[in-house]
């Protein structure tokens, strides 16, 4: 392997213009496995007995999984409706919140029998290992294996990453750290790998063989599509923050690498250059579009049905971004603690960028800048990204957050300090350059080990979680109700709710069961029985689960009468008349939010007479269309992979024959 800053005589080799197969396969690379092994110190706190219930979102994710499992038990593996949130009135949580992390956790709980807390901790551990491996692969591809090892560890042990793991305990954002380097890696491979646009610029017979596509060009495009879709399914919030960085990186790589290094400057016309840029740009653009297609099943309904939930709950009160800017000194302060973000400079938690990470990044850039060649542009871009991401989190950037269009983009982060994810990625990659400068021979040497040890020792005081007992008691429906009441969390409401409830009949039912010492069982109906007089109108539940309820009703009047369900109104709920008990659907009945009161509950007009009625949560047109787009995109990508593999097997023997004749 030729290192990116190796010097033989006076020749500086550029790995971007060298064959990519000089790097060993990832699973055969000892540097990769050493990187994974050294994440053990970050994983260790999740192996401790107990659970860190007091961390910011630690309870949230246990009960997110609890709700996910409740619906899975009814046979639905993508539960867009969470029936027990908002004290049992329900909330379309996974319709607007990325489900991927909890999908993985549910697999561990459902199939392996892990407890809810153990499943969540396992996904946290998986995110740590995945983040290190992803950053290693990305940086290895352009700076070498020593650089990849250092970058993977700096990224893993970065303070903001550890803050998300141990203090904020945000599972989705922690898992998002896996996808960010993978996306950059795939985008880079889609551009930098030898492609037809470069080969078309070669006209001499010596390079005739290089005009043939000998690499599977579809793989980077598919990789970019999968990783970008993975990020969207994991955290749509981080996707919004990261996409501008990705777009800028793709544009930079196109301008820098579209024209091969061996083409003399000025040898091509501007028209020819523009054509090469377009041909180099379309693979990553295609990959990004395919990523949107693969994730359309999530983002399309999340975006189009966003107005169906109360967004003021996300940005008002203690969530107002104005009270959560970072002060400049906090980026360098060693302060570390447990708690929540508070207005002012005295946050009990830390927002530091990390002394070791910053020193490694500065030294690495200084040492390799002279030898970086065309990759100097990439290094400069990452430096700019680190500065920009950090600046957007600072108080002096507050006027930007108030601007009409720019402010709308910035406020998508909810809290200004969330923008620190960008410098965390950039500084992690830049810190790897010190590994390249310290070990040009690309072996596991003493300098590499020393750098790895410094990264771990520099963050060692922060590798801890606060193990506590759950204040709400064991994980159960009663515990969920207590948690919502004590924390005023997980009480999201739909847009038709005028006053957010502080309790409910369902909560009373669960607490009464728990106090009696009996196992807490789900309620058997969401019917509001208080409205029935049983002389002219009555109903009883026949069958009930998390996403449907069948009732028998009788209406003694000659006009429709209102039946109310203790569930918030939201698109996707439909009502049907049935032809007898458990019978087929014979007619659709409109569902409307209750015209009086403050809860915005669902109401159905029961026709005169008696019969059976089914209330069920189903797909809406955006969900159906998003699913069709996702399946279609997946089919296209599978076909592209098969065709690309067939073409590669067909072309490679011809290339080998041409090369042997030229020799």
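The values are calculated or read from the model by the stated rules, or taken from the named source; none is laboratory data. As the structure is a computational prediction, the values presented were derived from the model and not from experiment. Note that we place each Cβ from the backbone using ideal geometry, even for glycine, and neighbour counts take in every protein chain shown.
At a glance:
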item: Failed item in (1) within 30 Å of residue 85 (Cα to Cα); (2) assigned to a loop (DSSP other than H, G, I, E, B), with residue 483 passing the rest; result: (2)
item: Meets criteria (in contact with a helix residue (DSSP H, G or I) (Cβ under 7 Å, 6 or more places away or on another chain) and over 30 Å from residue 435 (Cβ atoms)) for residue 331; result: no
item: In segment 523-545, the residues that are touching a residue at least 60 places away in the same chain (Cβ under 8 Å), surrounded by fewer than 21 Cβ atoms within 10 Å (Cβ to Cβ) and within 23 Å of residue 88 (Cβ to Cβ); result: 523, 528, 542, 545
item: Segment 371-409, residues that are within 25 Å of residue 345 (Cα to Cα), in contact (Cβ under 8 Å) with a residue 24 or more places away in the chain and either assigned by TED's automatic domain parsing to the domain that holds residue 238 or within 25 Å of the chain's Cα centre (by Cα) (or both); result: 385, 386, 387, 388, 389, 390, 392, 393, 394, 401, 409
item: Residue in segment 460-482 that is surrounded by the fewest Cβ atoms within 10 Å (Cβ to Cβ), counting only those that are more than 30 Å from residue 334 (Cβ to Cβ) and in contact with a helix residue (DSSP H, G or I) (Cβ under 6 Å, 6 or more places away or on another chain); result: 473
item: Some residue of segment 616-635 being at pLDDT 95 or above, under 26 Å from residue 93 (Cα atoms) and assigned to a strand (DSSP E or B); result: yes
item: Sole exception among (1) under 30 Å from residue 98 (Cβ atoms); (2) in contact with a strand residue (DSSP E or B) (Cβ under 8 Å, 6 or more places away or on another chain); (3) surrounded by fewer than 15 Cβ atoms within 10 Å (Cβ to Cβ) for residue 325, by number; result: (3)
item: Checking residue 457 against (1) at pLDDT 95 or above; (2) under 29 Å from residue 50 (Cβ atoms); (3) surrounded by 13 or more Cβ atoms within 10 Å (Cβ to Cβ), the condition it does not meet; result: (3)
item: Residue check for residue 301: buried (at least 22 other Cβ atoms within 10 Å of the Cβ), closer than 23 Å to residue 639 by Cα, more than 14 Å from the chain's Cα centre (by Cα) and in contact (Cβ under 8 Å) with a residue 24 or more places away in the chain; result: no
item: Segment 328-368 - residue that is under 17 Å from residue 413 (Cα atoms) and within 24 Å of the chain's Cα centre (by Cα) and, of those, surrounded by the fewest Cβ atoms within 10 Å (Cβ to Cβ); result: 340
item: Yes/no for residue 125 being crowded, with 23+ Cβ neighbours inside 10 Å and modelled with pLDDT of 95 or more; result: no
item: Filter result for the condition that a residue is modelled with pLDDT of 90 or more, closer than 30 Å to residue 569 by Cβ and assigned to a helix (DSSP H, G or I), over 301, 244, 284; result: 301
item: Residue match in segment 173-192 (condition: outside any helix (DSSP H, G or I), modelled with pLDDT under 95 and in the same structural domain as residue 243 (by TED's automatic domain parsing)); result: no
item: Residue satisfying all of: in segment 549-564; out of contact with any helix residue (DSSP H, G or I) (no Cβ under 8 Å at 6 or more places or on another chain) and either closer than 24 Å to residue 617 by Cβ or in contact (Cβ under 8 Å) with a residue 60 or more places away in the chain (or both); surrounded by the most Cβ atoms within 10 Å (Cβ to Cβ) among these; result: 551
item: Filtered residues of segment 397-421 (kept if at positive phi and in contact with a strand residue (DSSP E or B) (Cβ under 7 Å, 6 or more places away or on another chain)); result: none
item: From 240, 250, residue being under 29 Å from residue 407 (Cα atoms), in contact (Cβ under 8 Å) with a residue 60 or more places away in the chain, assigned by TED's automatic domain parsing to the domain that holds residue 295 and crowded, with 19+ Cβ neighbours inside 10 Å; result: 250
item: Residue pairs meeting the criteria (Cβ under 6 Å; at least 6 apart or on separate chains; first modelled with pLDDT under 95, in segment 62-85; second surrounded by 24 or more Cβ atoms within 10 Å (Cβ to Cβ) and part of a helix (DSSP H, G or I)); result: 79/68
item: Filtered residues of segment 44-61 (kept if surrounded by 18 or more Cβ atoms within 10 Å (Cβ to Cβ) and either under 29 Å from residue 444 (Cα atoms) or without any contact (Cβ under 8 Å) to a residue 12 or more places away in the chain (or both)); result: 45, 46
item: Close pairs (9 angstrom Cβ cut-off, 6 or more residues apart or separate chains): under 11 Å from residue 189 (Cα atoms) in segment 211-224, modelled with pLDDT of 95 or more and part of a loop (DSSP other than H, G, I, E, B) anywhere; result: none
